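Accompanying notes for the structure given below.
The values are calculated or read from the model by the stated rules, or taken from the named source; none is laboratory data. Note that the structure is a prediction, hence the values are computed from the model and not measured. Reconstructed Cβ throughout: ideal geometry from the backbone, glycine too, with neighbour counts over all protein chains shown.
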Amino acid sequence: MAGKVFFSVSMSLDGFIAPESSTELMGRQWMELQRWVFPTRFFRENLKLGGGGEEGRDNDIVRETFERTGVSVMGKRMFDAGEQMWPEEAPFHTPVFVVTHEKRDPWERPGGTTFHFVNDGIETALDQARAAAGDRDVRLAGGGATILEYVNAGLVDEFTIALSPVLFGSGIRLFEGVDAGRVALEPVRTEHSPRVTHLTYAVRER
Ligand SMILES: NC(=O)c1ccc[n+]([C@@H]2O[C@H](COP(=O)([O-])OP(=O)(O)OC[C@H]3O[C@@H](n4cnc5c(N)ncnc54)[C@H](OP(=O)(O)O)[C@@H]3O)[C@@H](O)[C@H]2O)c1
């Protein structure tokens, strides 16, 4: 049975998933956005940041999101940023399909992550991702532009927003340019921790 296509991102209360890269505030805003995830035990272990870390519902959500993911799909700007930051053992441990105009051979990392560069659009990338994911889900890892393409093409089944208590004022908006005439949302679940509110929706055709 085919899995779902989903995304799971952190968002500021005013709708941004990344701060403006040119502002002095950028580093601090990014930390505030992700404050719920950085201390979790699973995140720390997966990125090899050392032992310890917090347990609890935020940690469970990070782990469950990882475990349901058979394959990730991402845009080239997210890949470029990650290529600088991920440890040698990249934190996906599955195939990853990068939607891009750049032609590049697959890049295999220790620990089971292989990045495949797909040059003929989001649907081809998703077909390849579904085939590789088996009965697990396909995660649209980001960033905003790529997720929005999939939303507007009607190819997303479900998403979760971790709504962080921080205001950016400017930056990358996730839903800027969404085809609102096409997309309807059905609430699935709301959970909150002391740090963040997790909002899950199913996506339907309007
Ligand atoms: N808050 C969160 O949870 C979260 C999660 C993930 C990412 N992010 C943030 O998101 C930001 C990156 O997002 P972004 O919106 O700027 O960019 P993006 O979606 O990562 O990448 C966009 C790029 O991907 C390539 N691309 C996308 N669709 C394509 C298509 N149909 N055909 C060919 N190439 C295609 C193009 O690059 P080329 O033309 O160069 O190939 C395009 O410029 C980063 O700042 C990251 O930190 C936040």
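For this structure, a couple of remarks:
- Within segment 109-130, being more than 18 Å from Met85 (Cα to Cα) and outside any strand (DSSP E or B) holds for Asn119, Asp120, Gly121, Ile122, Glu123, Thr124, Ala125, Leu126, Asp127, Gln128, Ala129, Arg130.
- Any hit, segment 67-82, residues being free of Cβ contacts under 8 Å to residues at least 60 places away in the same chain, of a type in the set (Val, Ile, Thr), more than 13 Å from the ligand (Cβ to nearest atom) and surrounded by fewer than 22 Cβ atoms within 10 Å (Cβ to Cβ): no
- Single residue of segment 172-206 satisfying the filter (more than 18 Å from Ile17 (Cβ to Cβ) and among the basic types (Lys, Arg)) that is surrounded by the fewest Cβ atoms within 10 Å (Cβ to Cβ): Arg206
- Any chance Ala145 is over 19 Å from Phe43 (Cα atoms), surrounded by 19 or more Cβ atoms within 10 Å (Cβ to Cβ) and of a type in the set (Gly, Ala, Ser): no
- Screening Glu32 against (1) in contact with a strand residue (DSSP E or B) (Cβ under 9 Å, 6 or more places away or on another chain); (2) buried (at least 17 other Cβ atoms within 10 Å of the Cβ); (3) free of Cβ contacts under 8 Å to residues at least 24 places away in the same chain leaves a single unmet condition, (3).
- Those residues of segment 1-43 which are within 8 Å of the ligand (Cβ to nearest atom) and either more than 18 Å from the chain's Cα centre (by Cα) or over 27 Å from Leu185 (Cβ atoms) (or both), in sequence order: Ser21
- Hey, Ile147 hydrophobic (A, V, I, L, M, F, W, C), closer than 28 Å to Glu176 by Cβ, more than 10 Å from the ligand (Cβ to nearest atom) and in a helix (DSSP H, G or I) or not: no
- Residue in segment 170-184 that is assigned to a strand (DSSP E or B) and within 19 Å of the chain's Cα centre (by Cα) present: yes
- Selection count where residues are outside any loop (DSSP other than H, G, I, E, B), surrounded by fewer than 17 Cβ atoms within 10 Å (Cβ to Cβ) and not hydrophobic (A, V, I, L, M, F, W, C), scope segment 94-108: 1
Residues are listed down the side, and each one gets a yes or a no for (1) at pLDDT 95 or above; (2) crowded, with 21+ Cβ neighbours inside 10 Å; (3) of a type in the set (S, T, N, Q):
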| residue | (1), (2), (3) |
| --- | --- |
| Met1 | no, no, no |
| Met11 | yes, yes, no |
| Pro19 | no, yes, no |
| Arg28 | no, no, no |
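- Selection within segment 167-206 - touching a Ser or Thr at 6+ places or on another chain (Cβ under 6 Å) and within 11 Å of the ligand (Cβ to nearest atom): Phe168
- If you go through segment 98-153 and keep only what is in contact (Cβ under 8 Å) with a residue 24 or more places away in the chain and of a type in the set (Lys, Arg), you end up with Arg130, Arg136, Arg139.
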